[in-house]
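J.: First, the structure itself, so that you have it in front of you.
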Amino acid sequence: MSGLPRGQSPAQLRRFGLPRFAGVRPEVPARPVLSVSGVVRSPVQIELAELLALPGRRDQISDLHCVTTWSATGLRWSGVPFSAVHEALSARVRPHPRCAWVTFTGLDGYRSCLALADALAEDVLLADTLDGVPLTADQGAPAHLVAPAHYGYKSVRHVCAVEYRLSYDPGSAGPLGHRRGRVEREERSALLPGRVWRRIWRGLVPRVRRHYDGDVHDQGSAGA
Ligand SMILES: Nc1nc2c(c(=O)[nH]1)N[C@H]1C(S)=C(S)[C@@H](COP(=O)(O)O)O[C@H]1N2
Ligand SMILES: [Mo]
């Protein structure tokens, strides 16, 4: 046993995701902005720097578990807890009282939705550094959502928008995703049990990796 969650094997962190986003390499703006919309009284655009300067910043060492069965462990992020960001945003935009979901969008157009309660967990960060160094574009600058209890597809890179919602949004993963995506319960996908997906994904990883080949993170890494 590796000590990793069920069905996971160790790997280095590297740029990875849905094949159709492999070739989308967004420009990171000099002054990134977060668009806040959805079931809110007053949508806003707010400078990300303002949110990343909120009190509560902290370092966090956590693991990233990709649904395709690789896990990168001991990642040292620094950022602001999403709960603090949400508190600041709520005062500005006034989300609907029955808002229960939140979709994060990246500059590449990738979207993923979390239960609001899950996004407010203590270990969910809006991170802007990894190993003490500001994120590079390939690492998800200007900010990488870090949701360690959930499969990697919930941890959106290049966060540029937050949409408060009354209902779940399947996002970019569509039916392949799971509403909650909790690693502990092996919620890889809603369609089949997690242990079935393990085998399917493991077989598909080399094909997915080929899309991302040459797109390895700066620190140099291998693995799926
Ligand atoms: N913007 C964006 N975020 C994304 C993805 C993506 O394609 N685009 N892929 C997700 C998936 S499936 C995984 S496993 C992690 C991988 O994190 P990394 O690219 O920082 O290593 O990013 C997630 N966040
Ligand atoms: Mo993933």
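J.: Any residue in segment 195-210 that is within 13 Å of ligand 1 (Cβ to nearest atom), at pLDDT 95 or above and among the β-branched types (Val, Ile, Thr)?
T.: no
J.: List every residue pair whose Cβ atoms lie under 6 Å apart, where the two residues are 6 or more positions apart in sequence or sit on different chains, the first residue falls within segment 177-194 and is farther than 12 Å from Gly152 by Cα, and the second residue, located anywhere, is open to solvent by 60 Å² or more (accessible area, probe 1.4 Å) and among the aliphatic types (A, V, I, L, M).
T.: Ser189/Leu176
J.: Let me spell it out: the conditions are (1) modelled with pLDDT under 95; (2) away from ligand 2 (no atom under 14 Å from the Cβ); (3) in a helix (DSSP H, G or I), and Leu51 meets all of them except one. Which number is the exception?
T.: (1)
J.: If you don't mind, another one. Quick one: which residue in Pro19, Pro26 is within 19 Å of Arg111 (Cα to Cα), touching a strand residue (DSSP E or B) at 6+ places or on another chain (Cβ under 8 Å) and not acidic (Asp, Glu)? Working first, answer last.
T.: On the way: Pro19 fails: touching a strand residue (DSSP E or B) at 6+ places or on another chain (Cβ under 8 Å).
Selected residue: Pro26, the only one of Pro19, Pro26 that is within 19 Å of Arg111 (Cα to Cα), touching a strand residue (DSSP E or B) at 6+ places or on another chain (Cβ under 8 Å) and not acidic (Asp, Glu).
J.: Against the condition in contact (Cβ under 8 Å) with a residue 12 or more places away in the chain, among the acidic types (Asp, Glu), assigned to a loop (DSSP other than H, G, I, E, B) and more than 22 Å from Ala49 (Cβ to Cβ), how does Asp169 come out, does it pass?
T.: On the way: in contact (Cβ under 8 Å) with a residue 12 or more places away in the chain: yes; among the acidic types (Asp, Glu): yes; assigned to a loop (DSSP other than H, G, I, E, B): yes; more than 22 Å from Ala49 (Cβ to Cβ): yes.
The answer is yes for Asp169.
J.: Still on this structure: Look through Tyr151, Tyr168 and report the one residue that is aromatic (Phe, Trp, Tyr), within 16 Å of ligand 2 (Cβ to nearest atom), open to solvent by less than 50 Å² (accessible area, probe 1.4 Å) and out of contact with any helix residue (DSSP H, G or I) (no Cβ under 8 Å at 6 or more places or on another chain).
T.: On the way: Tyr168 fails: within 16 Å of ligand 2 (Cβ to nearest atom).
Criteria check complete, one pass: Tyr151.
J.: Exactly one condition in (1) under 30 Å from Gly38 (Cα atoms); (2) crowded, with 20+ Cβ neighbours inside 10 Å is not met by Trp201; state its number.
T.: Failing condition for Trp201: (1).
J.: Wholly within segment 59-130, which strands (runs of 3 or more DSSP E) include no fewer than the required count, namely at least 1 residues that are open to solvent by 20 Å² or more (accessible area, probe 1.4 Å) and within 16 Å of ligand 2 (Cβ to nearest atom)?
T.: Hits in segment 59-130: 70-81, 111-115.
The values are calculated or read from the model by the stated rules, or taken from the named source; none is laboratory data. Remember, it's a predicted structure, so these values are computed and weren't measured experimentally. Counting neighbours? That spans all protein chains shown, and the Cβs are built from the backbone with ideal geometry, glycine included. We work out accessible area using only protein heavy atoms, side chains counted, and drop any ligands, DNA or RNA first. Shrake-Rupley method; radii C 1.70, N 1.55, O 1.52, S 1.80 Å.
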